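Single-structure report; data block below.
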Amino acid sequence: MALLEEHRRFFAQLVVHSAGSTDSPLVAAFSQIAREDFLEAGPWWICAGAGYLRTPDADPRWLYQDVLVGLDPQNRINNGQPSMHALCLAAAAPRAADRVIHVGAGTGYYTAILAHLVGPKGSVLAFERDRTLAKKASASLKRWPNVELRAHSAVTQESDGRALPPADVIYVNAGVAELPTPWLDALKPGGRLVVPLTPDDGYGLLLQITRTGSGRFSARGLGRAGFTPCIGTRDTCASRSLAHALGVEDWRVIRSLVRGDKPDASAWCHGRGWWLSRSPPED
Ligand SMILES: C[S@@+](CC[C@H](N)C(=O)[O-])C[C@H]1O[C@@H](n2cnc3c(N)ncnc32)[C@H](O)[C@@H]1O
């Protein structure tokens, strides 16, 4: 039977290649961060269809499959699917020395992967509003001095009032309906925001938004995915606009995000103060 490290190395290649990437720093991060260090002692609950299956024992090799693992199964809060995160991390492209904001850290597994990718000269500011999960994350992330964990919401009106620092990457792991504009403000020129936009049924669109040098925002869809809600961003109007757009038109037409309250004929869907447009960003 292969050693745990061999399982992890193969798992790393499998999930990164499944996401259509061959990025070696990303493979190295998935190879080196131990998923079991961010979970309760096994056996574990693995997401399967509408429910969960319990692993037969506490052998960590069960975790090195492309599966979601229950963090709080009663509330369907899971450690996310590795290949979906590989796709999103490849799009967010955290580089050495980058400043990252991570929204919805859970118990910190993907926070550690981000911290590994940005290295000791970079930093990760992670938010987790569930205090029980945040406490576990903070214990598991002690080995990463470049991580600061805040046990509260990343949405301004729910947070401690501190403005977000400028960021190269904002990586969001909970479903957003109304995109918080302070996140757009925090993006540095060239900065990338990867965020799941979800209607109220939770099954939405993974979106990559990049701030151009001239302060506009290019946008592109990465694929469909289901997410638990990002508390403080749920909004009936924005959710309806997104659900409608997803129902009537391919998301691959999205080219940019425009700020403003008067969506024009290029709008694919809209929220308050922003819309997704079929036109490329204007210079
Ligand atoms: C799908 S779970 C993902 C957890 C983690 N990223 C993982 O994959 O292991 C989403 C997390 O976002 C958190 N969350 C929801 N709304 C939030 C908000 N406004 N600010 C910070 N965290 C939030 C939830 O408590 C939950 O832990």
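The values are calculated or read from the model by the stated rules, or taken from the named source; none is laboratory data. Computed from a prediction, not measured in an experiment: that's the story for all the values here. Please note: Cβ atoms are built from the backbone with ideal geometry, for glycine as well, and neighbour counts cover all protein chains shown.
Which one of these does Thr210 not meet: (1) within 29 Å of His270 (Cβ to Cβ); (2) hydroxyl-bearing (Ser, Thr, Tyr); (3) within 15 Å of the ligand (Cβ to nearest atom)?
With respect to (1) within 29 Å of His270 (Cβ to Cβ); (2) hydroxyl-bearing (Ser, Thr, Tyr); (3) within 15 Å of the ligand (Cβ to nearest atom), Thr210 is out only on (3).
State all residues of the stretch 60-72 that are away from the ligand (no atom under 12 Å from the Cβ), in contact (Cβ under 8 Å) with a residue 24 or more places away in the chain and either polar (S, T, N, Q) or more than 18 Å from Ser18 (Cβ to Cβ) (or both); if no residue qualifies, say none.
Pro60, Arg61, Gln65, listed by residue number.
For the stretch 107-150, which residues satisfy the criterion of being assigned to a loop (DSSP other than H, G, I, E, B) and either more than 12 Å from the ligand (Cβ to nearest atom) or touching a Gly at 6+ places or on another chain (Cβ under 6 Å) (or both)?
Within the stretch 107-150, the subset assigned to a loop (DSSP other than H, G, I, E, B) is 107-108, 119-122, 128-130, 144-146.
Within the stretch 107-150, Gly119, Pro120, Lys121, Gly122, Trp144, Pro145, Asn146 qualify.
Which condition from (1) away from the ligand (no atom under 14 Å from the Cβ); (2) touching an Asp or Glu at 6+ places or on another chain (Cβ under 7 Å); (3) of a type outside the set (Lys, Arg); (4) modelled with pLDDT of 95 or more is the one that Glu178 breaks?
(1)
Of Ala225, Ala126, which residue is surrounded by fewer than 20 Cβ atoms within 10 Å (Cβ to Cβ), touching a Leu at 6+ places or on another chain (Cβ under 9 Å) and among the aliphatic types (A, V, I, L, M)? Explain how you work it out, then say what you get.
Values: Ala126 fails: surrounded by fewer than 20 Cβ atoms within 10 Å (Cβ to Cβ).
Of Ala225, Ala126, the one residue that is surrounded by fewer than 20 Cβ atoms within 10 Å (Cβ to Cβ), touching a Leu at 6+ places or on another chain (Cβ under 9 Å) and among the aliphatic types (A, V, I, L, M) is Ala225.
Please give the number of the condition Phe10 fails out of (1) touching a Lys or Arg at 6+ places or on another chain (Cβ under 8 Å); (2) more than 15 Å from the ligand (Cβ to nearest atom); (3) not β-branched (Val, Ile, Thr).
Every listed condition holds for Phe10 apart from (1).
Can you go through Gly221, Gly215, Gly247, Gly190 and tell me which one is at positive phi, more than 14 Å from the ligand (Cβ to nearest atom), modelled with pLDDT of 95 or more and not acidic (Asp, Glu)?
Gly190
Any idea which of Arg192, Arg150 is buried (at least 17 other Cβ atoms within 10 Å of the Cβ), basic (Lys, Arg), within 17 Å of the chain's Cα centre (by Cα) and over 15 Å from Ser256 (Cα atoms)?
Criteria check complete, one pass: Arg150.
What strands (runs of 3 or more DSSP E) completely inside the stretch 190-277 contain at least 3 residues that are touching a residue at least 12 places away in the same chain (Cβ under 8 Å) and of a type outside the set (Phe, Trp, Tyr)?
203-211, 217-226, 256-259, 267-271
Taking the condition farther than 19 Å from Trp268 by Cα and either touching a Lys or Arg at 6+ places or on another chain (Cβ under 9 Å) or away from the ligand (no atom under 14 Å from the Cβ) (or both), does Gly204 pass?
No.
Of everything in the stretch 92-106 that's within 16 Å of the ligand (Cβ to nearest atom) and not β-branched (Val, Ile, Thr), which residue is nearest to Gly175 (Cα to Cα)?
That would be Gly104.
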